[in-house]
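Report on the structure given below.
Values in this text are rule-based calculations from the coordinates and carry no lab data. Fair warning: this is a prediction, and the values are worked out from it, not measured in the lab. Heads up, the Cβs are rebuilt from the backbone with ideal geometry, glycines too, and the neighbour counts pull from every protein chain shown.
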Amino acid sequence: MTYLPVVLWTDALVFVLLAAGAVLAWAIRRQEHLRAPWRSVAQRPMAMGAALVLGVFVVIGLLDSLHYRERLPDSAPGNPQYSVEVLSVFDALLGALRTQKEKTYSAPLAMQLYAKEFIERDGERVRDYPRLQYGGAHLAHPDERLPDIARRVLRGVVEGLAAGLIAFGLVAAWDARRRRVALAAWLAGWRHGTLGWPARTVVVVLALLAVLGATLVQLAAGYHVLGTDKVGQDVLYISLKSIRTGLVIGTLTTLVTLPLAIGLGIAAGYFRGWVDDVIQYVYTVLNSIPGVLLIAAAVLIVQVYIESNPELFDTAAARADIRLLALCLIMGVTSWTGLARLLRGETLKLRTLDYVEAARAFGVSHARILGRHIFPNVFHLVLIAIVLDFSGLVLAEAVLSYVGVGVDPSMYSWGNMINGARLELAREPIVWWQLVAAFVFMFTLVLAANLFADGVRDAFDPRQQGRR
Amino acid sequence: MHAYILRRLLYAIPILIGVNLLTFTLFFVVNTPDDMARLQLGAKHVTPEAIERWKTEHGYDRPLLLNRDAAGMAQLTDTIFFRHSAAMFAFEFGKGDDGRDIGTEIRTRMGPSLAIALPVFVIGLLVNISFALLMVFFRASYLDVGGVVLCVVLMSISGLFYIIAGQYFIAKLWNLLPISGFADGIAAWKFIVLPVLVGVVSGIGSGARWYRTIFLEEIGKDYVRTARAKGLPEARVLFHHVLKNGMIPILTGAVVVLPLLFMGSLITESFFGIPGLGSYTIDAIQAQDFAVVRAMVFLGAFLYIVGLILTDISYSWVDPRVRLQ
Amino acid sequence: MMKPLLQVEGLVTEIGGARVVDDVSFHIAVGETYALLGESGSGKSMTALSLMRLLPEGGRLAAGSIVLGGTDVRALPERAMRDVRGGGMAMIFQEPMLALNPVVTVGRQIVEVLARHRGLAGRPARDAARALLDAVGVPDAERRLDSYPFELSGGLRQRAMIAMALAGEPKLLIADEPTTALDVTIQAQVLDVLRRLKAARQMGMLLITHDLGVVAGNADRVGVMYAGELVEEGVRDAFFASPQHPYSRMLFEALPRSGDGGRLTTIPGQVPPLDAVFTGCRFAPRCPYAQDRCRTESPGWQTLGGQRVRCHFAGSLPVAAARGAGAARAVKAAAPLLAVDDLKVHFPIRRGLIQRTVGHVRAVDGVSFAIAAGRTLALVGESGCGKTTVGKALLHLIEPSAGAVTLAGETITSANLGSLRRQAQMVFQDPFGSLNPRMRVADILLEGMDALGVGVPGERRAAVARLLAQVGLPDDAGSRYPHAFSGGQRQRIAIARALAVSPRLVICDEPTSALDVSVQAQILNLLRDLQDALGLAYLFITHNLAVVEYLAHEVAVMYLGRIVEHGSASDVLRAPRHPYTQALVSAVPRIEPGTGVGVIRLAGDQPSPLNPPTGCHFHPRCAHASAVCRETYPDKTELGDGHWARCHWVAAQTN
């Protein structure tokens, strides 16, 4: 075997989450009252467009969660030795992007380093900006750079449009077949927006994504599209690798939150009395401690634990991963209170409803009442909370990393990118691309998540209808 | 009313004890003073002697809960718990790793923190409410839709971006205000304007959107229809009837954070070099100064509970239906 | 003919795609009350909101004209329209708690109108507001000006609402179900006020209601609405003497009336949704007289004497058969199935620092009664009297504080609750709140059987089908969710759920009060059929005396947590002895004109059970109260045939 599959803790949980999502989707398909709101989400152009963008992020995140270690080429066949570097399928797909490192900073699409060095030119030692090792290395002369970029962009756009057209064709063929209409009729429906789902938005967003992707691929083959960082690492690569971190924090934290919030919130509202008192006490205590400080304290403790037990982690990736997991756990433990409070209030209302009284009149057990009457009727709130919290958590990661209690400094994350870059802000001329890249990536993910969350909330919460 | 407030104050005691026990567990049980010492000393200097010396210097050379070597009450008092955790109930926080008295630091740093946080809070509230009312007044028009989209975009931008962009454009590029720093007295204003501006702008997205939802919920209620049926102009309906009801959740939601303004904002103060409690906290976290972190946790919890009590009281002020019992 | 104050011609209102008001024309003269009668969904409230131009978002006036005192209201710019609202015409809404701004004092809400329409401010405005409150009969008006709406009782709130509407001195008053949310004794007070002020101020009034009784006592002319259209219009007396439209007739026949032994006439089906496309007469699908022409051709107006009717066959319809007296319900004196002895439910009030119990709300305070198998006991009283708490305490949904409940000879304790639950079940008031929206109907019906282990598990599905048939629901109902059903159908499901465990006693908590008259009749018939077929005993909790007369064998009247009068239904309702029962019975609006019984007006509201009056609870409102009433609670006075009352006055008469 040339590869040793590595399953990090967060990888395992991400796939557990994926499986849970699949089971949930299957369950939702069978429940009319859950399927109907999702169908209404699918009819909102804004939500569907956002969902496609989110989908791209999710696919990248999932590919980046399939980890392995390469076998060292010189290890004996009987006793294979594996590299300490943990790679992912996504790394393999990116290929050279990871390995093509420059010496230090270089601007986006540049062919020269950002710092002057003594270089040999025509036999003379001059102090100038040296050529990059990889970025624009195929160009003979700096004047060729702009035409080359233009050519690549053009090719990317054309390829992207072609891919978009193919995607359009596939969508058209699939949907026309599904509804048993002629392709021409489908196209007419598409043009007039009468298909009952936002096909126009979907096609346009697909095409845009394809164009963007193809252009990036074209450019990345010859340049560092977003420049390089202090140690010469490609910023596009870092930004893409940070996606997984953002997604893991946004989703796994919620996974930790849910059982606490649902269990305690519903129990407090349903049983009231001393159960309610105890749960309220716990959440007032947790709530009263400033969140950042609690997270900071816990992360420091984890840090101490990791440093005093180095033998438990065979790679740097495993160590960083455990800290990421710990961060998710801690953020989950500190952030369940909001949802729990909401669910408690809702349960207090539900328990006085006649259908709950009717069940009690039959002597139905508490567990069954909670499972059949209470939980299904607060489930939409849980769902809304999941999607609404996601973007907040992604943003929080950046702040925590800045404070120094976020993810491991060796981990790729937008927070670490910002943290590293802001120290260079004072530099003249300014190194802006790292910051901008991190903010743009983060903004795209969060905006897509927010727009999608809006769609979900509108569809599931009838009170919110039409007021966004 | 008095009995109610007294009861709430008494309820604060178990909460604070809970907070105290939790921090004690986190900082001394899960994470022993030996661990702290090792972390502080750095891997290179860890020797048993160095650890002991560090513990003695910081007063951590005692048993956690029960000192069997001491006599009488000292068995309980001459312990880490009593000296470092229980003492906080008397607001005695001890000294930080830099040797300075934490209580004094807190008192001197509250001022600058408030100088930033209070204007952000007040101006932010006014701006958000005005923006929300504007959207509601023009509800279901393009202005409203555009406003909502703007809000979503604004709230999708990281708070760090607002700070960095503000510093870069306003301070560095256009040289309108200093990038960071602070001054005493009236001269502080020019250091305050930029952080306040950034703080207000970064809060508009979520704030205005939330308030808009509150106002829209009120607008759907029957009494609004009654007010219109009286022949009142839409502006009066909105600014008198709807605003009055909508302000109940808004004000009480705001009151809970009011005491916490003393704590300042971690990120803003750190970026702008404001010598407030926020930057104090962040420095302590980065320097792993547990004594300061512990003190800030307790202070934060205390202020939060004050906020909760103020919220209850403010409810009974703004909402005639609420009688405290 | 009086000069018309309001003239509505061909009014069409659309909301979204639905025509909620379709080609409605009517007029109201100065000093006249015009009643718009209809079931929910008929478009009567939308007609009122159209007049005020206060339609909900998405609604618009599509056609027609509204002329008020010579001005076309529909053509007015919004600015001028505001002068009309509150000034030209004012509106009273159904639910005064919601319609008043909760955080503004009553006085300021009235002054606001005075400032807007009469330019009053300061002291004169306050005086005028106080005068208005005086005029609508709010006691202690000066103090009430500074009260918030939540500090007033329901009746006072509605009076304040009326004062506010009158403040702009409108020429037309629109009252949208002004008394529907109120108890019957309070309703009588409020209707009185409206009648008096309308006469004194020579206003026109548009009275919107679903209650024929309210129409009978208050309207000069009546318009009946159905599915967005006006289908019949006429002078009150003529209309009540001979309603011409089949729908109007059936509304009358569906109403339970005293001395009614037989079945109620029901209108099959329900009011159609207004976004449907109608061809022909809108009532045709539910009309027993409908013929082919009705289904294809929309009927025009026909004039019959003083009435206008929209029916092809108006005037030629068969005369409705007089309702058969029906077999008198067999009276079997059997051993009681349920015996309740001295049931008490007290809720502690906690106060102070350590939440000490400082007193009790005596929601139910020593209630005793018995019901035999196959019999119905109606527990009657106004809201807040504790009747629902009795029902819930019987099933231990609320833990009783004291008292013994014996069911089929077995005393119920918390240990043998299982046998209680198999034998006694409940049907709730709100058909929308009583069914879990997330469960299929079959699962709802199975829940009780599963929990109590009724029947063999394999046969329960078959039992569900049998139950659905029994309550008159289609076979496929089991696989659907509650939202697919109308209010009446949901109530059938709720009844089926209770019957699923084959109980011998069913507690019906206001099972028809959320339903329209025509649907109510269906449910009442069903309950009666089930009782005859299964020998069920009912504890029927209600405030609606007409329903009691139809269904109950015995009646117990509750006031402030205690039963004040008890006896057979005919005794209690025809010859009530307790002054409270007398007032209650007299306050029910009657549709028979001139029954000669004057309404006994009760002063004030029901006191709070937190702090009941000393002696007889009723004495502060009682016209016959004497010194002894203020001091001691009266004992039972037996009046023969199991009829008794707790009243010193009655006791003095019988001795």
Relative contact order for region B:110-324, counting Cα pairs under 8 Å that sit 6 or more residues apart, in percent: 27 percent
Euclidean distance between Cα centres, region A:382-425 to region A:196-251, Å: 18 Å
For region B:110-324, convex hull volume per residue from C-alpha positions, Å³: 145 Å³
Centre separation in Å (Cα based) which lies between region C:198-272 and region C:524-596: 23 Å
Percent RCO, i.e. relative contact order, over chain A, from Cα pairs under 8 Å lying at least 6 residues apart: 20 percent
Cα long-axis angle, helix A:145-179 against chain A (0 to 90 degrees, to the nearest 10): 30 degrees
For C:Ile398, distant residues with modelled amide H under 5 Å away: C:Ala393
Burial ordering of A:His224, B:His240, fewest other beta-carbon atoms within 10 Å first: B:His240, A:His224
Estimated inter-spin distance, A:Ala25 and B:Asp283, nm [label 7 Å along Cα→Cβ]: 5.2 nm
Shape category assigned to chain A from the gyration tensor of Cα positions, a/c cut at 1.5: oblate
Cα-centred dipole magnitude for region B:110-324, charges only on beta-carbon of K, R (+1) and D, E (-1), debye, nearest 20: 700 debye
Region A:299-348 and region B:241-318: distance between their alpha carbon centers, rounded to Å: 24 Å
Label point at C:Ala276 placed 7 Å out along Cα→Cβ; residues across region C:216-259 whose backbone nitrogen lies under 11 Å: C:227
Rough spin-label spacing in nm, given labels placed 7 Å along Cα→Cβ, for C:Ala121 and C:Ser568: 7.0 nm
Qualifying GluC sites (Glu not before Pro) for region B:1-106 [loop in DSSP, other Cβ within 10 Å: at most 14]: B:Glu92
Karplus-derived 3J(HN,Hα), 6.51/-1.76/1.60, for each residue of region C:385-392, Hz, glycine and proline x: 7, x, 5, 5, 4, 4, x, 5
Projected area, mean over directions - region A:139-221, Cα convex hull, nm²: 6.1 nm²
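Of chain B, which part is the longest with no trypsin sites (Lys or Arg not before Pro) in a loop (DSSP not H, G, I, E, B) and with at most 13 other C-beta atoms within 10 angstrom?
Values: sites that count: B:Arg68, B:Arg100, B:Arg321, B:Arg323.
Value returned for the longest uninterrupted segment is B:101-320.
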Folded to 0 to 90 degrees: helix B:277-286 orientation relative to chain B principal axis, Cα: 50 degrees
Phi-based couplings in Hz for region C:499-512 (Karplus 6.51, -1.76, 1.60; Gly and Pro marked x): 6, 4, 9, 6, x, 9, 10, 10, 8, 9, 9, 6, x, 10
Cα-based equivalent ellipsoid, region A:251-326: semi-axes from gyration tensor eigenvalues, Å: 33, 15, 10
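Over chain C, what relative contact order in percent results from Cα pairs under 8 Å that are six or more residues apart?
Over chain C, the number comes to 13 percent.
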Helix B:189-219 vs. chain B, principal-axis angle (Cα, 0 to 90°, nearest 10): 60 degrees
Net +/- balance of residues flanking C:Ala188 in space, Cβ distance below 15 Å, scoring K and R +1, D and E -1: +1
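Over 28 Å between C-alpha atoms is what I'm after, so list which of B:Lys221/C:Lys387; A:Lys349/C:Lys392; A:Lys116/B:Lys190; A:Lys349/C:Lys44; C:Lys44/C:Lys171; C:Lys44/C:Lys198 land there. The partial results should precede the final answer.
Working: B:Lys221/C:Lys387 31 Å; A:Lys349/C:Lys392 18 Å; A:Lys116/B:Lys190 38 Å; A:Lys349/C:Lys44 32 Å; C:Lys44/C:Lys171 20 Å; C:Lys44/C:Lys198 21 Å.
Correct reply: B:Lys221/C:Lys387; A:Lys116/B:Lys190; A:Lys349/C:Lys44.
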Exposure proxy ranking, count of Cβ atoms within 10 Å, fewest first, for A:Glu159, C:Glu233, C:Glu638: C:Glu638, A:Glu159, C:Glu233
Theoretical ellipticity at 222 nm over the protein assembly as shown - DSSP helices of four or more residues, -39500 (n - 2.57) apiece, nearest 500: -16000 deg cm²/dmol
Label-to-label distance, nm, for residues given as C:Ala462 and A:Trp9 (7 Å Cα→Cβ offset): 5.7 nm
Neighbour-count order for C:His578, A:His141, C:His117, fewest beta carbons within 10 angstrom listed first: A:His141, C:His117, C:His578
Share of pairwise Cα separations in the protein assembly as shown, more than 44 Å, in percent: 57 percent
Long-range amide H partners of C:Met426 with built H, under 5 Å: C:Ile507
